[in-house]
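Bear in mind that the values in this text are calculations on the coordinates, not laboratory data. On a predicted model such as this, the values are computed, not experimentally measured, just so you know. Positions of Cβ are generated from backbone atoms using ideal geometry, with glycine treated the same way; all protein chains shown enter the neighbour counts.
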Protein chains: 2
Amino acid sequence: MNQDKSNSPLEGDQKPIYLALSGGVGGAKLALGLSQLLAHRLFVMANTSDDFIHLGLNISPDLDTVMYTLANLNNKELGWGLANESWQFMNALEQLNQPNWFRLGDRDLATHITRTELLKQGNTLSQVTQRLTVALDIDAHIFPMTDQVVSTFVRLEDGSALGFQEYFVKEQCQPKISGYFFEGIEKTKSSKQFISTLDNPNLAAIIICPSNPFVSIEPILSIPETADAIRQHPAPVIAVSPIIAGQAVKGPTAKMMQELGIPSSVLGVAEYYQQQHGDLIDCFIIDHKDQHLQPELESMGLSVLAVNTMMNTLQDRVTLAGHCLSLAAQWTSEHKEK
Amino acid sequence: MNQDKSNSPLEGDQKPIYLALSGGVGGAKLALGLSQLLAHRLFVMANTSDDFIHLGLNISPDLDTVMYTLANLNNKELGWGLANESWQFMNALEQLNQPNWFRLGDRDLATHITRTELLKQGNTLSQVTQRLTVALDIDAHIFPMTDQVVSTFVRLEDGSALGFQEYFVKEQCQPKISGYFFEGIEKTKSSKQFISTLDNPNLAAIIICPSNPFVSIEPILSIPETADAIRQHPAPVIAVSPIIAGQAVKGPTAKMMQELGIPSSVLGVAEYYQQQHGDLIDCFIIDHKDQHLQPELESMGLSVLAVNTMMNTLQDRVTLAGHCLSLAAQWTSEHKEK
């Protein structure tokens, strides 16, 4: 944020809008909580660096997870894909000796086939995503971080590179990594929806969801000019920690931190973001289990709120979303008063 | 056939092989009967002029019908697609407001996605078909009439052209037609497997299955040099009538004949083939209900056999296949003796 108040987001008659940056499951849970409170006043920009082409189909795992979650169609048992899914396609595919490591449900296929076809017809990924979210009756605005192709690779200890979905799904995050990179990122532009959301005078906060800092949030912030544009915006930037008591709720965040030599703690996350992006983040929401780290985080110049960040129920998600909004309002009001 | 006996197919130690030309359902039924008797000694060349791209997927309706039928995986109730099919993909596709007039089952999708991907990787349709039939444990050799793209259109009364699947599936054959054409046919070559099958000295008969003469068999015979190559081959050409007592067992054959001004009878079919391709056909198998037309067919120079051609059961299919083989043997022996 930038403390110049000339462009305060809460002026005027319009109700405030909010921008969330999200990866997959953890981010989508908070996005769902936010969408319950905000409906069409929520703008979710999802990571697309995990996107890949499989069996000729354009797959956008994080966009789909956010979309399915906000449409209340997500599969809560699996943690990915659609509820009430069936697997007849996969069974038949196996009979044809085709690769089966990436599971595509029968209903989920409709999304991938539609996306692939609409992209082939010349639509941007933003346009495709808008059509899909409208069809699924989602009030919030969900859009990709960029309309260009970016591909996350992890660097293995032997120096070789592995595509993210192969690392994440096929290898189940087993290989030790020494780094990661986003192929093509330097040639991308932020999606237009991101620019117009930042330009909207009603933007009241930018929320970094509790997603993997390295492979979900970092790609978004690595798009040229994106981190700067967020830093210079007057609205507060609020990060919700994906780490609780040294553990990731889901996914390889903690394992990756250990392998990357980053302390696997809330502090490690905050230091990582500060090292990469300076004073981008204004407020940090941590779990009350990590409350003992609050003074150290505050000494880094962060406004810290310790609450329950474990989102087991819908109520947990809505409550955490409410904390984000009230923290944003409080921060804004404090920085107006000064 | 050509009555030069120097290249008689039954010489040598090898067992005879048979080539069937087939469209969809009716052709596939006879092909199944033949495959029960012949296994790997059966070569089925399927029409691919109905093929089209739908939702970005390469669909080959006749190849699939033959393939599924010979693998005993075909849906006997629907008459197309796979048995034990489910429709979750279509339900989800409808939710996304995508076109739903062409029904793609969940299991069937595995075939289309695999074919599309293998074609994109540079395989020919023949190579793709071979991989699919091997995966499905089919003994017979199934291959497309060509590896190039051909597209059947019907000509409507107002002079406009309609893609075949739109006519056949979307419009349920309702529009009256005044003709048909095979876009791209003049640039195609017969598939290599056709050439090598004709070159095989053990080829004992070429069987024209009871498929639609206009839009299933005619595209095959319209590939440059194909009808000539068949006519010049010493093996007998045996056609099984798709018309019984003036009616098509299934599909629009009889309706098309009426609209094209061709008598809707076995005679109309035989005359059509003769008009288009001269003395290509040696033997004609008709239903015993059409036995009264036998003299007239014989006066056209055809060897005629009247049997039950209605293939309701597997036994019916095998019996009719047996008639084809014994008629071929009889014809060959008669023409050797002369």
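Pull out a ≥ b ≥ c, the square roots of the eigenvalues of the alpha-carbon gyration tensor of the protein assembly as shown, then state rounded if a/c is under 1.5, prolate if not and a/b is larger than b/c, and oblate in the remaining case. Don't skip to the answer; put the middle values down first.
Working: a/c = 3.51, a/b = 2.76, b/c = 1.27.
Taking the square roots of the gyration eigenvalues as a ≥ b ≥ c, the protein assembly as shown is prolate.
Taking a Cβ cut-off of under 10 Å around A:V154, the surrounding Lys, Arg, Asp and Glu residues balance to a net charge of -1, with basic ones at +1 and acidic ones at -1.
Taking a ≥ b ≥ c as the square roots of the eigenvalues of the Cα gyration tensor, an a/c ratio of 1.5 or more together with a/b larger than b/c marks chain B as prolate.
Each other residue within a Cβ distance under 11 Å of B:T69 adds +1 if Lys or Arg and -1 if Asp or Glu, for a net charge of +1. Averaged over peptide A:96-108, the number of partner chain Cβ atoms lying within 10 Å of each residue's Cβ comes to 4. Ascending distances from the B:G122 label point to its copies in the other chains, with the point 7 Å along the Cα-to-beta-carbon line: 3.0 nm. Note on B:K29: lysines with a C-alpha under 25 Å away, same-chain residues under 8 apart excluded, are B:K15, B:K76, B:K170, B:K192, B:K250, B:K255, B:K289.
Relative to the other identical copies, A:N97 shows label-point distances of 4.3 nm, where the label point lies 7 Å from Cα along the Cβ direction and values run shortest first.
Hey, what number do you get for the protein assembly as shown at 222 nm if only DSSP H runs of n ≥ 4 count, each worth -39500 (n - 2.57), divided across all residues, to the nearest 500?
Working: 24 runs with 254 residues, N = 676.
Estimated from H runs of four or more residues: -11000 deg cm²/dmol.
Sites listed here are trypsin sites (Lys or Arg not before Pro) in segment B:93-132 whose DSSP assignment is loop and whose Cβ has at most 15 other Cβ atoms within 10 Å: B:R103.
So for A:E183, B:E218, fewest C-beta neighbours within 10 Å to most, what's the order? Can you show the working numbers first?
Values: A:E183 14, B:E218 23.
Fewest-to-most ranking of A:E183, B:E218: A:E183, B:E218.
All other residues whose Cβ lies under 15 angstrom from that of A:S22 are scored, Lys and Arg at +1 and Asp and Glu at -1, for a net of -2.
Using only Cα atoms, locate the centre of segment A:106-173 and the centre of segment B:200-216, then give the distance between them in Å, rounded to an integer. Computed from Cα coordinates, the inter-centre distance equals 47 Å.
Report the charge-dipole magnitude of the protein assembly as shown in Debye, nearest 20, computed about the Cα centre from +1 at each Lys and Arg Cβ and -1 at each Asp and Glu Cβ. Could you put the intermediate results ahead of the total?
Working: 46 positive and 74 negative charges, 81 e Å.
Its charge dipole is roughly 400 debye.
Within the protein assembly as shown, antiparallel bridges make up roughly 40 percent of the DSSP beta bridges whose residues both belong there.
Per the rotation superposing chains B and A, the chain B residue found at the smallest beta carbon distance from the axis is B:D106, 2, distance in Å.
Shape class for segment A:96-155: oblate, because the ratio a/c of the largest to smallest gyration tensor axis (alpha-carbon atoms, square roots of eigenvalues) is 1.5 or more and b/c is at least a/b.
Can you give the average number of partner chain beta-carbon atoms within 10 Å of each beta-carbon in peptide B:46-56, as a whole number? Working shown, then result.
On the way: counts 0, 0, 0, 0, 0, 0, 0, 2, 2, 6, 12.
So the per-residue partner count for this stretch is 2.
Looking at segment A:21-118, the GluC sites (Glu not before Pro) that sit in a DSSP loop and have at most 12 other Cβ atoms within 10 Å of their own Cβ are A:E77.
Position B:G278: other-copy label points at 8.6 nm, ordered by increasing distance, label point 7 Å along Cα→C-beta. Take every DSSP beta bridge whose two residues both sit in segment A:5-337; close to 40 percent of them are antiparallel.
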